[in-house]
Structure formats: structure tokens, C-alpha cells
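The values are calculated or read from the model by the stated rules, or taken from the named source; none is laboratory data. Since we're looking at a predicted model, the values are computed, not measured. Here the Cβ positions follow ideal geometry from the backbone for every residue, glycine too, while neighbour counts run over all protein chains shown. Accessible surface is based on the protein model in full, side chains and every heavy atom, while ligands, DNA and RNA are left aside. Shrake-Rupley method; radii C 1.70, N 1.55, O 1.52, S 1.80 Å.
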Amino acid sequence: MPTSARTYGQFCGLARALEIVGERWSLLVVRDLMLGPKRFDDLQHTLPRIPVSILTSRLNELEEAGVVRRRVLSQLDAGVVYELTEYGTELDHIVLDLGLWGSRSLTYPKPDEVFTLDTAIISLYTTFQEEAAAGVHVNYELHHPGDMIVHAMVDDGALKASAGALPAADLVIEPQGPAVLDLLNGSLTAQDAISSGKVRVQGDPAHLDLFTRLFRIPPAPERPTGLVAR
């Protein structure tokens, strides 16, 4: 456990987990390293609002806890990258599940909220419905504001998502505004998205309906009102 972390004084696995990754920014560092090793400057780019001192502290704490390690690149432009250890990669599904849980409370992005390329890729893994993808083979190219392009390749229940265009995509999706979020949470159907012009597609429109089944944010339970009697 990092010596600088606050402790809860409880002999509990959850308490220990929070002591390791519960500090502000820690899980976002883990999230961005899930996509592969990154230099310090790369993490500053994907986490534009984190102070340098805090990023340094979080990386040191995660390294001390055995979640992150440093590695020297062997290329000519040798430098140090940070990557998840085997112990750290065990957080992958935990981070995705927590991200999906939080997505159920998302509203439209505020003007000062940052949406990065890494976030766009992670959101595909977060919302991917593995059961719905059994036996499915389809490729998507998804455009986001700011000229961000990501792609998703679905192969019999498995997903591979990455940055960039995909020439062999079965469907290119070009949403207008927050239409992707509306598609994912079910407030906008594929048919209405196309007919209203909120989403432009290149390819078979039926693949957009399939997209809404493969990538989905389940609705959150209704909030109780008043007193709850048992």
C-alpha cells in the first residue's frame, strides 16, 4: 500500500482497494493505461486537467502498490513509459463495470467537460454487450466532434476498438451533437436517428440498429420518492 495514501483503519479488501486506487485521479490513470503504455506527456494529454505534481504522485503511488510499472523503451528515441502490471490489468473489468454504472447517470456534456480520444475508445468497451455479440461479425467506424475517429471490430462476442478510420467498416456512423449517447441509452432509435438527420451513415442502415444492441447503456432504476416502507 502506498505510504502516502490515507488509510481507513479497516481490515477489509474494499478498504485496501480504495487505499490503493481510491485517491483522486488514480482510476483515471488506470483507465488510460488500459489502452497500452504511455509516456508521462501522453498521460498529461489524456488527462489535461491533472496538475503535474498530482500525476507524479499518483504514478509513484500506483507503482509502489504494484499496479503500475515503468519501462524503458528500446527504440532509438528511448524513453520511459508507464504500463499496468499483471496485478493492475486485473482492474480492467472493474473499471469498465464502474464506468458503465456511472454512464447510467450521464447527461449531455457540459461546455467545460473534456471528451478525449481515449475516452471514446474506452466507452465502446464499457458499453459493449458481449452476450448480444455472440455469432456477430461486424465492423464500425464512429466519428466524434473534433475530428475524432474510432473504430470497433466485433467478432463473435469479442471486441477490438482502437483509434482511426477503418477502410473495411460495414457502417460509418457520423452523429450530430450528442446523438451517440441518445442511441446508447435508448432514448433515440436507430430509425429515428437516421430519419431525423441526427445520425448520418454510410453503409447498410440495418447495422445501426445492430449497433444499438451491441453497445448499450442499461437504464438506471427509478429513484424512489418519499419514504420507503418495508
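Being open to solvent by less than 30 Å² (accessible area, probe 1.4 Å) and either in contact (Cβ under 8 Å) with a residue 40 or more places away in the chain or under 22 Å from the mean Cα position of the chain (by Cα) (or both) narrows it down to one residue among Arg58, Arg31; which is it?
On inspection, the qualifying residue turns out to be Arg58.
Restricting the search to helices (runs of 4 or more DSSP H) fully inside the stretch 70-162 and requiring at least 1 residues that are open to solvent by 90 Å² or more (accessible area, probe 1.4 Å) and small (Gly, Ala, Ser) gives an empty result. If only residues of the stretch 123-161 that are of a type in the set (A, V, I, L, M) and without any contact (Cβ under 8 Å) to a residue 24 or more places away in the chain are counted, the one that is farthest from Leu171 (Cα to Cα) is Ala134.
Given the condition under 29 Å from Thr127 (Cα atoms), open to solvent by 30 Å² or more (accessible area, probe 1.4 Å), assigned to a helix (DSSP H, G or I) and of a type in the set (A, V, I, L, M, F, W, C), answer yes or no: does some residue in the stretch 38-52 qualify?
First pass over the stretch 38-52, keeping only residues under 29 Å from Thr127 (Cα atoms): 38-50.
Checking which are open to solvent by 30 Å² or more (accessible area, probe 1.4 Å) leaves us with 39-42, 44-45, 48-49.
After this cut, where a residue has to be assigned to a helix (DSSP H, G or I) as well, the list is 40-42, 44-45.
Among the residues that remain, those that are also of a type in the set (A, V, I, L, M, F, W, C) are: 40.
Yes: one or more hits.
Of the helices (runs of 4 or more DSSP H) entirely within the stretch 166-230, those holding at least 2 residues that are touching a residue at least 40 places away in the same chain (Cβ under 8 Å), closer than 16 Å to Ser123 by Cα and open to solvent by less than 70 Å² (accessible area, probe 1.4 Å) occupy 179-184, 206-214. Taking the stretch 1-14 as the range and being of a type in the set (Gly, Ala, Ser) and at pLDDT 95 or above as the test, only Gly13 passes.
Scanning the stretch 87-122 for residues that are farther than 26 Å from Gln176 by Cβ, in contact (Cβ under 8 Å) with a residue 40 or more places away in the chain and not β-branched (Val, Ile, Thr) returns Gly88, Leu91, Asp92, Leu98.
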